[in-house]
Each structure stands twice: as structure tokens, then as C-alpha cells.
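Read the structure below first, then the notes.
FYI, it's all coordinate maths here, none of it is from the lab. Only a predicted model underlies this, so the values are computations on that prediction, with no experimental measurement involved. Cβ placement follows ideal geometry from the backbone for every residue including glycine, while neighbour counts extend to all protein chains displayed.
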Amino acid sequence: MASVEIAGLGKRFGAATVLHPTDLHIEDGEFVVIVGPSGCGKSTLLRLVSGLEQPSQGRLSIGGRDVTDAAPADRGVAMVFQSYALYPHLTVAENIAFPLKVARVPRAERDRRVAAVADALDLTELLARRPRALSGGQRQRVSIGRAIVRDPKVLLLDEPLSNLDTGLRVRMRHEFARLHQRLGATMIYVTHDQLEAMTLANRIVVMNAGRVEQVGAPLDLYARPASLAVAAAIGSPA
Ligand code: ADP
Ligand code: MG
């Protein structure tokens with residue numbers, strides 16, 4: 001677990017400002033959901049926290065340590081994407097073990113960690129399969145397994161359910177709530193699904209056009225949206 005301190009973090013691509021300087025403090029173990037219209041900078045903010053993107057300005061601390069210049073693998077964060085990004089030629093077990101292999105974790109310890117993650121995510125029966133022999137929900141569970149196998153302090157999820165059908169989305173929503181309790185990790189979760197945001201979040205961050213518009217508890221935002229953009233993102237009666 002770790003707090004995340006975003007201080008004046010901003011991103012420009014050439015002349016375009018994609019993320020205006022942003023301040024955001026996320027508590028240890030908090031479940032924060034980011035919502036906002038397509039193109040408003042949600043993925044960019046996650047990528048800055050993960051280190052997949054370098055900021056144009058500002059600082060980032062995780063667990064009290066300044067990681068602005070740290071490599072992605074050295075931040076204690078892991079990311080789950082909308083497209084599962086699994087390796088098609090590797091089995092489920094090998095996909096989950098991959099980050100451990102890269103980190104040169106010994107074989108016996110790798111096997112132990114993979115078994116524990118598979119158990120937590122109901123994947124034990126599927127460990128020998130390859131991704132093409134899995135359903136969408138199973139694939140997404142594998143990509144979550146791969147993300148949590150190194151015990152991240154912060155788990156970043158970028159629209160993890162948007163490729164799944166409605167029934168499965170509801171089930172997986174409960175999975176995420178359970179996973180959050182079990183891991184105790186700080187979670188930052190991007191979605192455009194209002195129900196997901198309302199049910200999962202300790203706090204919701206509403207973004208619009210590269211800025212944070214409002215931050216608050218779900219019911220507070222719903223009852224008192226500060227702008228039409230927030231009302232639209234949260235689904236409150238305008
Ligand atoms: P969201 O996830 O909220 O849909 P993104 O963070 O993906 O939004 O993108 C925000 C804006 O930044 C968009 O206008 C997008 O076109 C732009 N953008 C994202 N990545 C790049 C890039 N590598 N180069 C130039 N523009 C980018
Ligand atoms: Mg996005």
C-alpha cells in the first residue's frame with residue numbers, strides 16, 4: 001500500500017496541452033475512480049503515474065518516495081489495460097509469471113506466486129491454456145493476475161471492463177471490490193461507466209479537457225456537481 005502524491009503534474013505533446021498542471025493526493029489503500037469524456041486525459045494521467053509517459057512538468061511521489069524519474073518497474077505500480085495485452089504464445093501460467101521472470105525471481109518462488117494469484121482469481125483450472133482458448137472475462141482475469149503477481153502497492157486500471165458484456169461487467173465489478181479488500185492496494189481506476197464509478201469508488205475524480213473538474217465522495221458529487229460537465233460524467237440530474 002502507498003499513498004500517491006501528484007504535484008503540478010502536466011503533459012504536453014508538442015503544442016497541445018493534454019494534461020494541465022494537476023494536484024491530487026490519493027490516500028494509502030484508497031479506491032479512486034477517474035471519469036470524464038473520451039480524450040480528456042484520463043489515460044495520460046494513469047500513464048504518467050505508471051511511468052509509461054514522462055511528465056512535461058511537476059513531481060510524483062508514491063509511498064512518500066519521489067519517483068518522477070524512476071523507471072516504470074521501480075515504482076511499485078502495475079497497470080491493467082482495456083485490451084488484455086496477453087502473450088498469445090504463452091500459457092496462462094507463463095503470462096502471469098512473466099513479470100517475475102523479467103525480475104529474475106527464482107523458479108520455485110515464481111511457481112508459488114502464480115499458484116497463489118491463480119487461486120485468488122479462480123484461474124487454477126486454466127493455467128495450462130493459451131489466451132485464445134479463454135473467454136473475455138477469463139482473459140481479463142489473467143491480465144489482472146499478471147498485474148498483481150509482484151504485489152504492487154498501487155494498481156492502475158484503464159477501463160478494464162469496457163470490452164466485456166454487461167453481465168460479466170457486473171460480476172467483475174464485484175471482483176474488483178473483493179480484490180481491493182484482499183490486496184489492500186491503492187487503486188486508481190478509469191472508467192466511463194457511471195455505475196462502476198458510483199459503486200467502486202471511495203472518491204471520484206471528474207476530469208474534463210485536461211483538467212480535474214471536481215473530486216469527492218460519490219454521493220457528494222452526485223448531489224452537488226460543481227458543473228454541467230461533472231453532472232454529465234456522474235449521471236446526476238442536471
Ligand atoms: P482519455 O483516456 O481520457 O480518453 P487520453 O489521455 O488518451 O484521453 O488522451 C488525451 C488527449 O491526448 C487526446 O486528445 C489524445 O489525442 C492526446 N494524446 C494522447 N497520447 C498522445 C500522444 N502520444 N501524442 C499526441 N497526442 C496524444
Ligand atoms: Mg483512455
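Stokes-Einstein, applied to the Kirkwood radius of region 1-90 over Cα pairs at a viscosity of 0.890 mPa s and 25 °C, places its translational diffusion at 175 µm² s⁻¹. Over region 161-238, the reciprocal of the mean inverse Cα-Cα separation, the Kirkwood hydrodynamic radius, stands at 13.3 Å.
The alpha-carbon atoms of region 105-238 define a convex hull whose volume equals 127 cubic angstrom per residue. Comparing Ala116, Ala185, Ala93 in a Gaussian network model of the chain where C-alpha atoms under 10 Å apart are linked, the largest mean-square fluctuation is found at Ala116. About its Cα centre, region 11-68 has a charge dipole of approximately 320 debye under the convention of +1 per Lys or Arg Cβ and -1 per Asp or Glu Cβ, with nothing else charged. Normalised by residue count, the chain yields a Cα convex hull volume of 124 Å³ per residue.
Projecting the Cα atoms of Gln82, Gly136, Leu155 onto the charge dipole of the chain (Cβ charges, centred on the Cα centre) puts Gly136 farthest toward the positive pole. Calculated on C-alpha atoms, the gyration radius of region 91-168 divided by its Kirkwood radius gives an Rg/Rh of 0.97. Between region 51-68 and region 143-158, the alpha-carbon centres lie 18 Å apart.
On the basis of the beta-carbon distance and an R0 of 41 Å, Arg182 and Ala15 show a calculated FRET efficiency of 0.35. Using the Cβ-Cβ distance between Ala7 and Arg104 with R0 set to 35 Å, the FRET efficiency from 1/(1 + (r/R0)^6) comes to roughly 0.55. Beta-bridge orientation, the chain: approximately 55 percent antiparallel, per DSSP, counting only bridges with both partners inside. Charged neighbours of Ser3, selected by a Cβ distance under 10 Å, balance to -3 (K, R count +1; D, E count -1). Could you tell me which of Val33, Thr199, His180 has its Cα farthest along the dipole of the chain towards the positive end, charges placed at Cβ (Lys, Arg +1; Asp, Glu -1), taken about the Cα centre? Value computed over the given set: His180. Here the extension length gained between Arg132 and Arg224 equals 28.6 nm, from 0.36 nm per residue of separation less the Cα-Cα distance. Between Leu52 and Asp111, the modelled labels are 3.3 nm apart [label points 7 Å from Cα along Cα→Cβ]. Residue-normalised convex hull volume from the C-alpha trace of region 37-108: 131 Å³ per residue.
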